[in-house]
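Quick note: the coordinates plus some simple rules give every number you see, no bench work behind them. These numbers come from a predicted model, not from an experiment. Ideal geometry is used to build each Cβ from the backbone, glycine not excepted, and the neighbour counts take in all protein chains shown.
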Amino acid sequence: MLPGMDALECTGTGPKLRDTFDQDAERYLRARPRYPPSLVAELSRVTAAGPGVRVLEIAPGTGQLTVDLAGSGCAITAVELGPSLAAVARRELAAFPAVDVVTADFERWEPPAEPFDAVVCATAFHWIDPAVRVPRAARALRAGGLLAVVTTHHVAGGTEAFFADVQECYERWDPATPPGLRQTPESEIIPDTAEFSGSPYFTDVTVHGHSQEITYTTDAYLDVLLTYSNHRALPETARKGLLDGVRDLIDSRYDGVVTKRYRHELITAVRVGG
């Protein structure tokens, strides 16, 4: 297991893993990276975010992206499963009266009669039941409205030697870790758009890539690891052993600082109809 491989989390026990995010909402707010300004600007442009535009956000977490979108003046209904995450999001978005954070399971939530101009979901669409997520997003949209899904990949880059060395810690403490696992080069990331391009509800599927590197101190890096569901789901002894090993590695070989590279893809699709 590579640190923070969210795409590997949505298997088998997905719903149980999904629930772990609500266990430490303040850490999630503090540690999870914000999206790069270029992505936020692109998202605002393609959704025409601004006064009079109605946006539905699925699974906003603590509102990292929501705050950026709300600054445009658009009206946002943000549907968050976790009550603790939703409470933090409400606090963070208190300055934006046009934002309503609803605590609900999107798979069962009933959208209002008036459709939205855009539906947005950032690094969370894979947690929604694949049997219903695209149809339910389409149901919430007006004809010609935009579905915008952000995916996040942890790719080769930054302090590359660290991400090779740290696999010894994962192989020791997590038996599910494949031996010799390495991060994927950014050039080899293939956008997964099949469920949108193959859907009768959507057309004009596009992908825009945005990358960023973030430098972490030891404590900050361990903080972000503890927001990943696969790390939180480890037995307590294994999780402590893993984190202690990662801490020792960063402090002893990397002078207490490592840099991680993220690849974000903004996938958009237009609602058929009208």
**Report entry** For ASP129: the one exception among (1) without any contact (Cβ under 8 Å) to a residue 24 or more places away in the chain; (2) more than 27 Å from ARG263 (Cβ to Cβ)
**Finding:** (2)
Query raised in the report: Residues that are over 19 Å from the mean Cα position of the chain (by Cα): which helices (runs of 4 or more DSSP H) entirely in region 187-274 hold 3 or more of them?
Result: 236-253
**Report entry** Residue list for region 48-59, filter: of a type in the set (D, E, K, R) and more than 20 Å from the chain's Cα centre (by Cα)
**Finding:** ARG54
Query raised in the report: Looking only at region 145-186, which residues are small (Gly, Ala, Ser), surrounded by 12 or more Cβ atoms within 10 Å (Cβ to Cβ) and not in a loop (DSSP other than H, G, I, E, B)?
Result: GLY145, ALA148, ALA164
**Report entry** Long-range neighbours under 9 Å by Cβ, at least six apart or interchain, first residue farther than 15 Å from PRO60 by Cα within region 100-111, second not in a loop (DSSP other than H, G, I, E, B)
**Finding:** PRO111/LEU56; PRO111/THR77; PRO111/VAL79; PRO111/ARG136; PRO111/ARG139; PRO111/ALA140
